[in-house]
Structures are given as C-alpha cells and as structure tokens.
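The values are calculated or read from the model by the stated rules, or taken from the named source; none is laboratory data. Remember, it's a predicted structure, so these values are computed and weren't measured experimentally. Reconstructed Cβ throughout: ideal geometry from the backbone, glycine too, with neighbour counts over all protein chains shown.
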Amino acid sequence: MLLSGQYMSVMSMRAVVFEEPGELMDVTEVEEPTPDPDGVVVETEACGVCRSDWHAWRGDWSWIGVSPTPGLVFGHEPVGRVAEVGEDITDLEVGDRVTVPFNLSDGTCRFCKQGKANICESVVPLGFVPFQPGAFAEKFPVRNAEHNVVKLPDGVDPVDVAGLGCRFATAFHGLSHRVDLEPGDWIAVHGCGGVGLSAVHIADAMGANVVAVDLDDDKLSKAAELGADATVNVTEVETVPGEVKANTPNGRGVDVSVDALGIAETCRNSVNSLARGGQNLQIGLTTSEEEGEVSLPVDAMVMGEQEFVGSFGMPPHEYEEIFSMMANGKIDPGRIVSETISLEEVPETIASMGDYETVGIPVCDSF
C-alpha cells in the first residue's frame with residue numbers, strides 16, 4: 001500500500017520527439033503508453049521512415065488539418081508484437097505479431113461499414129496527432145484495436161513489411177481497387193520514391209506495362225529492377241508527357257498514370273500522359289508550394305473522358321490480398337527497403353528527405 005507522499009513510478013521508454021517545424025528531432029525518454037479498454041500496446045520491431053514524416057516535420061499540410069505539436073512521436077509504418085491488451089480485447093493476444101494502417105478508423109461509420117475504413121469519418125492518423133502517438137518509439141498504442149490491427153502471417157520478416165502501413169499499402173489499394181488496371185495495360189509512375197517504386201513493383205505484378213519517370217538515374221535503375229519496361233529521366237527530354245506517350249503503342253498515352261510525388265509539375269505531367277479514357281491516380285499529397293491546390297487541363301479531361309482518382313491508405317481487410325500475393329511470390333515489399341537504421345538515426349534521415357536522394361524505403365529496426 002502507498003503511504004502519504006509516495007508515488008508509483010512511471011515507466012518510460014525511448015522515442016523520437018518532435019518540438020518545432022524544421023528543428024532536428026531528439027531521441028528522449030517519454031512515458032510508456034497504456035492500452036485503452038478497446039486498444040492494445042505494441043512493442044515496435046520495425047517502422048518505415050516515410051516522406052510524410054518529412055512533410056509533417058517541416059510544417060506542411062496545415063491546410064488539411066495536420067499540425068504537429070511539441071512532444072509528438074512520429075512513425076506510421078510499424079510492425080511489432082502485442083505487448084499489452086485492453087480489458088475488452090478478445091481477438092488479440094500478447095505476442096501476436098501485427099501491423100496497422102496509418103489511418104486508424106472507428107469501425108462504426110458508414111464508410112467503415114462499406115469496407116472503406118481508410119476514409120472513416122473519424123479517421124485518426126497514427127503519429128500525426130498528439131492523442132495518437134506513433135511508432136518511432138519502443139512501444140506505441142493502437143485504438144479500436146480489433147478493427148485496426150492486422151495480424152501478420154507466420155515467418156514474415158518485420159523489416160520487409162514495414163512499409164505496409166503507408167506507402168506500399170497506398171499504392172496497392174490504389175492500383176487494385178481505385179483504378180481499372182488490367183494485364184497488358186500501360187501505366188506511368190511519376191516519381192520513384194518509396195510509394196512510386198512500390199507502384200512500379202505492384203503494377204508489374206499485375207501484368208501491366210510500366211513507364212517509370214524521375215530525375216534521378218539511381219531511382220530509375222531501381223524502377224527497372226522492379227519491373228519498369230521503360231524509364232524517362234525528366235532532365236533529358238523536351239516534355240515528359242510526350243516522352244511517356246512515345247513509349248506506348250501508337251503514342252496514344254497510358255491507361256493509368258500515377259502521381260506519386262504531389263507537386264504541381266508531376267500532377268500535371270501525370271494527367272497529360274493519359275490516353276483518352278485514362279485514369280490519373282493521385283497518391284502524392286502536395287507541399288507548401290501548392291497548399292493542396294493544383295490547376296489541371298479540365299477541358300481536355302472532359303473531352304477525353306479522363307478520370308482523376310485519389311488513393312488514401314488501405315482498409316485493414318485488404319491486407320490479406322497483399323499477404324496472398326507475397327505467399328505466391330508475386331510481390332515482395334522487402335525489395336523496396338533500401339536500408340535499416342537505428343532510432344538515433346531517424347531524425348537525420350527524416351531531415352535529409354528534403355534532398356530527394358532516398359532510394360526506396362528506409363526502415364528503423366533498432367530501438
């Protein structure tokens with residue numbers, strides 16, 4: 001029994017903590033999370049370092065409601081083992097190896113009930129708001145766990161699937177469920193960062209012909225390794241859409257074009273690369289230069305009956321599709337992983353993403 005003046009000790013853990021936009025983050029001691037009655041706490045084994053972390057760190061996205069506050073723990077592409085379960089949890093046990101989508105849902109709104117939990121009316125982004133800390137830490141909490149937590153198949157390497165929480169999953173959901181990509185179709189991927197390379201790999205696995213577009217030869221070489229049939233270096237061509245179309249039958253353009261970066265130039269290049277009846281898949285979110293607004297060739301889109309489609313994460317039930325394709329050797333998310341780093345290296349890695357030199361997905365696997 002505690003006597004007057006005595007206090008229970010608070011358990012602490014190491015985490016990467018945000019203070020101010022653009023200020024290099026530190027690894028410090030923070031209080032360990034405890035599970036809500038319907039939640040769990042996960043011990044982190046690996047977490048991808050995403051360009052979205054860089055965007056939030058530098059102060060982008062206030063126009064969509066993302067405004068990190070001092071003390072926030074980033075990290076939204078995690079894999080780990082369940083360490084604690086809430087009192088209402090029945091389907092998860094301590095020791096289960098799991099992942100979670102970055103856009104946590106409540107499981108009760110009309111979109112969740114339609115199988116579209118990724119656009120839940122009460123979506124909570126992991127690692128972007130103070131009441132839902134992320135996974136650049138030894139442990140992280142998950143709300144509505146039996147709705148959001150995804151158990152991993154036996155034998156899966158945590159590093160290989162650390163990108164499933166955001167980049168790989170978003171590309172997979174977009175190509176598999178948001179556009180009408182079929183074997184033999186032509187697709188262009190504009191921007192070959194982590195999500196772009198994921199899109200190249202997935203599109204190739206789906207039997208599409210892929211044109212990869214970037215300004216970095218190393219990224220284009222990686223895209224070719226992952227299945228791109230043609231590559232376009234934007235610094236070496238007169239117009240990107242013209243060069244993309246030149247790689248398609250009769251120069252007609254692509255059936256699907258992916259903007260995997262989100263700046264105005266890549267968005268317009270992506271749309272202008274389309275064939276008549278084509279679909280633009282927008283995965284990249286904009287920067288402070290655009291603040292969410294990009295002008296598009298609306299008349300040409302109308303006359304060509306082209307579509308502009310968004311992809312935002314992936315609902316939990318679609319993870320099984322990825323696991324099935326992994327088991328059959330059709331896709332391998334681990335091929336996108338570029339390097340593994342320690343928790344101490346996360347702040348510098350995030351800050352360096354402004355140089356756009358990262359090839360693939362860096363993963364933190366040492367906590």
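Quick notes on this structure:
- Checking each residue in segment 133-165 for being within 23 Å of LEU285 (Cα to Cα) and modelled with pLDDT under 95 picks out VAL161, ALA162, GLY163, LEU164, GLY165.
- Each residue in segment 263-300 was checked for being part of a helix (DSSP H, G or I) and under 18 Å from GLY191 (Cα atoms), and 9 pass.
- Whether a residue is touching a strand residue (DSSP E or B) at 6+ places or on another chain (Cβ under 8 Å), farther than 27 Å from GLY80 by Cα and charged (D, E, K, R) was assessed, and ARG167 does not pass this test.
- Flag if GLU318 is surrounded by fewer than 18 Cβ atoms within 10 Å (Cβ to Cβ), at pLDDT 95 or above and either part of a helix (DSSP H, G or I) or not hydroxyl-bearing (Ser, Thr, Tyr) (or both): no
- Test: residue in segment 308-320 that is of a type in the set (S, T, N, Q), at negative phi and touching a residue at least 24 places away in the same chain (Cβ under 8 Å): yes
- Selection count, segment 253-286, where residues are surrounded by fewer than 18 Cβ atoms within 10 Å (Cβ to Cβ) and touching a Lys or Arg at 6+ places or on another chain (Cβ under 9 Å): 1
- Leading residue by the ranking (surrounded by the most Cβ atoms within 10 Å (Cβ to Cβ)) among those in segment 321-339 that are farther than 18 Å from ALA171 by Cβ and over 17 Å from the mean Cα position of the chain (by Cα): ALA327
- Segment 155-262 holds helices (runs of 4 or more DSSP H) entirely within its bounds, and those carrying 1 or more residues that are free of Cβ contacts under 8 Å to residues at least 60 places away in the same chain and in contact with a His (Cβ under 8 Å, 6 or more places away or on another chain) map to 240-246.
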